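Here is the structure we will look at.
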Amino acid sequence: MKPILSILARRYIAGETITDAMSAAKQLYGDGLLAAIDNLGENVRDEQSSLAAVREYLKLLDDIICSGVRSTVSVKLTQLGLDISDELAFQNAEAIAAKALSQNNFVWLDMEGSAYTQRTIDIFLRLRKDRPNVGIAIQSCLKRSRADLRLLIERHACVRLVKGAYKEPPEISFKEKKDVDKNFEIMMRELLLEGNRPAIATHDPRLIEAAISFASERNIPSKDFEFQMLLGIKRSLQKSLASRGYTVRVYIPYGTNWLPYTMRRLMERKENIFFVIKNIFD
Ligand code: FDA
């Protein structure tokens, strides 16, 4: 099955190296799009691997400066050692955030499965005491997220709103897509009204137009928020929003550990599942 998934991965992943990621970022920049580059990796089990991830991100930050493209970075705390200890993940994230701050750059913390939600928020708030250049993703699929969002808005945190890509237990999450979308819209309005340069991260054209209408009704300038989308999804929408004057940032994953990310992209689209099944039986 891995060879079939590798075909699918090519759509969503820039390649295996920093050079691949930088060339994707340059191409997007030429189309008026910004980037957030992610070195693929999660759930590392040993400290050495977490330190290797830090070194990779420090190099990535240097390469972003040299390239002249406008790109932030996006990290997962389990790649930085959260399964080993909170302290290790914090220290590693702190090293990346400190370097990014010295270069006037920004670090997004991705949000992983619900087992990590509270610890990710706690580490984020701790980081933010000295590193204002850090933002956090929050998932509208989780029932707790509206309360989390209130706290984050009170702390003037920079939030990336997403629907959520992990399979979650029904007791703590919305199971119906319409409820996830409804919660997204409510949280999106709160962020647009009260958030600190929020990122509306979705490919859902209805929600994107709802954000635009809401911002225009409330006289919220387009420079006060940004749209974010994933590499390989809705490319023409990305470009058309940028040409309408909106800030659009594309999340660019790269690296050799592409399987978990590709599986999440597979599971959120039934056409992808059909593609894999068809190729298995062909
Ligand atoms: P929805 O699933 O309703 O899709 C809307 C439309 O987009 C679909 O109809 C289809 O046309 C297109 N589309 C969606 N997924 C596609 C796919 N895989 N292939 C092709 N087309 C597709 N999640 C998380 O849990 N933690 C995180 O930190 C992040 N970070 C993140 C950053 C950024 C920049 C984005 C855009 C997304 C994330 N996500 C995430 C993923 C997010 O939670 C969600 O799984 C995906 O964005 C898909 O949901 P949509 O909002 O696009 O809506």
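For Met267 and Ser49, the difference between the fully extended length at 0.36 nm per residue and the C-alpha to C-alpha distance is 75.7 nm. Peptides 36-43, 62-69 ranked from most to least packed, by the mean per-residue count of other Cβ atoms within 10 Å: 36-43, 62-69. Computed extension length for Leu193-Glu87: 34.7 nm, one decimal, from 0.36 nm per residue of separation with the Cα-Cα distance subtracted.
Taking the solvent-accessible surface of protein heavy atoms with a 1.4 Å probe, what is the per residue accessible area of segment 2-278 in Å²?
On the way: 12420 Å² over 277 residues.
Solvent-accessible surface per residue comes out at 45 Å².
Take every pair of alpha-carbon atoms less than 8 Å apart whose residues are at least six positions apart; their mean separation over the length of the chain yields a relative contact order of 25 percent.
Taking a point 7 Å from the Cα of Ser6 along the Cα-to-Cβ direction, the residues of segment 228-256 with backbone N closer than 20 Å to it are 253-256. Among the trypsin sites (Lys or Arg not before Pro) found in segment 72-162, those both in a DSSP coil and sparsely packed, with 16 or fewer other Cβ atoms within 10 Å of their Cβ, are Lys143, Arg144, Arg155. Here the chain is treated as a Stokes sphere of Kirkwood radius computed over C-alpha pairs; at 10 °C and 1.306 mPa s its diffusion coefficient rounds to 83 µm²/s.
Debye-formula intensities of segment 44-153, expressed as log10 I(q)/I(0) at q = 0.17, 0.19, 0.22, 0.24 Å⁻¹, are -0.78, -0.95, -1.20, -1.34 (one equal scatterer per alpha-carbon, no solvent).
Structure note, pairs Lys2/Lys178; Lys175/Lys239; Lys26/Lys239: Cα-Cα distances above 24 angstrom occur for Lys2/Lys178; Lys175/Lys239. Counting only protein heavy atoms and a probe of 1.4 Å, the accessible surface of the chain is 53% carbon and sulfur.
For segment 2-278, the Cβ-based charge dipole about the Cα centre amounts to some 780 debye (Lys, Arg positive; Asp, Glu negative; other atoms uncharged).
Compared with the direct C-alpha span, the chain from Phe214 to Phe274 gains 18.0 nm at full extension, assuming 0.36 nm per residue.
The values are calculated or read from the model by the stated rules, or taken from the named source; none is laboratory data. Keep in mind it's a predicted model, so treat the numbers as computed, not measured. We place every Cβ from the backbone using ideal geometry, glycine too, and count neighbours over all the protein chains shown. Ligands, DNA and RNA are excluded from the accessible area calculation, which covers all protein heavy atoms including side chains. Shrake-Rupley method; radii C 1.70, N 1.55, O 1.52, S 1.80 Å.
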